[in-house]
Amino acid sequence: MTMQLCFSATSPYARKVLMVAMEKGLESEIKITPMATFTTESDIWNQNPLGKVPVLSTREGTILCDSPIICEYLDSLSEETPLVPRSGEGRWQASNFHALADGIMDASIQRTVEIRQRPADMQWEEWHTRQSLKIDKTLQVFEAALTAGKFAKTFGIGEITLACALGYLDFRYADENWRKDCPALAKWFEEISQRASFIKTSPPEGA
């Protein structure tokens with residue numbers, strides 16, 4: 001059974017799922033279905049009651065509605081190129097990096113929604129400051145982990161998710177230059193940005 005991925009080209013969460021599929025060699029099995037998320041008329045509501053992408057219809061026909069679950073499902077389909085260690089301390093470390101990188105996305109999306117959906121005179125500056133603080137502090141955790149050799153030993157789920165998070169920062173907040181305080185991350189990201197899965201999932205310019 002062909003899998004179906006409800007997708008938005010600007011969603012870093014959907015990008016993460018598609019990158020996982022590509023890294024696992026599953027891209028040909030997945031039908032990508034673009035869906036809007038900021039309208040009540042979108043079919044996404046029939047797929048996910050939360051109205052969010054990504055959503056995956058699995059080989060078995062089960063509907064999965066959260067990117068970490070979708071990524072674990074895709075990773076489970078093949079023992080080749082495991083992106084999440086199957087057990088032990090490595091699994092929990094990878095899962096924690098996954099969660100932290102997702103947190104960067106969460107905070108970034110919160111800022112984007114505030115900017116794009118709320119009138120300028122009603123926006124809350126402290127909200128932007130709070131979300132930016134979360135992003136900055138988490139980037140420093142990754143910078144320290146990378147410098148200490150505790151991150152990016154492989155290209156697993158934590159690395160994929162961080163690549164998508166940094167890509168989103170460049171996409172929406174390029175003027176804020178996260179690289180200036182994270183030289184090790186900047187160098188790593190420059191190299192990772194050359195991977196085929198990252199290039200092929202880049203959001204369209206001007207979106």
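Structure notes:
- Residue in the stretch 112-119 that is in contact with a Lys or Arg (Cβ under 8 Å, 6 or more places away or on another chain), modelled with pLDDT under 95 and in a helix (DSSP H, G or I) present: yes
- Of the criteria (1) modelled with pLDDT of 95 or more; (2) in contact with a Ser or Thr (Cβ under 6 Å, 6 or more places away or on another chain); (3) loosely packed, with under 15 Cβ neighbours inside 10 Å, which one A207 fails: (1)
- Which listed residue is surrounded by 15 or more Cβ atoms within 10 Å (Cβ to Cβ), at pLDDT 95 or above and small (G, A, S), from A144, A148, A107: A107
- For the stretch 184-207, taking the residues that are without any contact (Cβ under 8 Å) to a residue 24 or more places away in the chain and assigned to a helix (DSSP H, G or I), the one that is nearest to E143 (Cα to Cα) is identified as A186.
- Yes/no for A145 being touching a residue at least 12 places away in the same chain (Cβ under 8 Å), over 15 Å from I104 (Cβ atoms) and either among the aliphatic types (A, V, I, L, M) or in contact with a strand residue (DSSP E or B) (Cβ under 8 Å, 6 or more places away or on another chain) (or both): no
- Residues located in the stretch 157-175, provided they are within 26 Å of R116 (Cα to Cα) and in contact (Cβ under 8 Å) with a residue 12 or more places away in the chain: T161, L162, A163, C164, A165, L166, G167, Y168, L169, F171, R172, Y173
- Taken over the stretch 15-74, residues that are polar (S, T, N, Q), buried (at least 17 other Cβ atoms within 10 Å of the Cβ) and under 19 Å from the mean Cα position of the chain (by Cα) amount to 4.
- Of A107, A99, A145, all but one fail to be under 14 Å from L185 (Cβ atoms), assigned to a helix (DSSP H, G or I) and among the small types (G, A, S); the exception is A145.
- Residue among L64, L74 that is in contact with a Leu (Cβ under 8 Å, 6 or more places away or on another chain), closer than 30 Å to K153 by Cβ and without any contact (Cβ under 8 Å) to a residue 12 or more places away in the chain: L64
- Looking across the stretch 153-176 at every residue that is at pLDDT 95 or above and outside any helix (DSSP H, G or I), the one that is farthest from H98 (Cα to Cα) is identified as F155.
- Answer from M35, M1, M105 - the residue that is within 18 Å of E159 (Cβ to Cβ) and aliphatic (A, V, I, L, M): M105
- Scanning the stretch 63-88 for residues that are in a helix (DSSP H, G or I) and at pLDDT 95 or above turns up S67, P68, I69, I70, C71, E72, Y73, L74, D75, S76.
The values are calculated or read from the model by the stated rules, or taken from the named source; none is laboratory data. These figures come from a predicted structure and were not determined experimentally. Please note: Cβ atoms are built from the backbone with ideal geometry, for glycine as well, and neighbour counts cover all protein chains shown.
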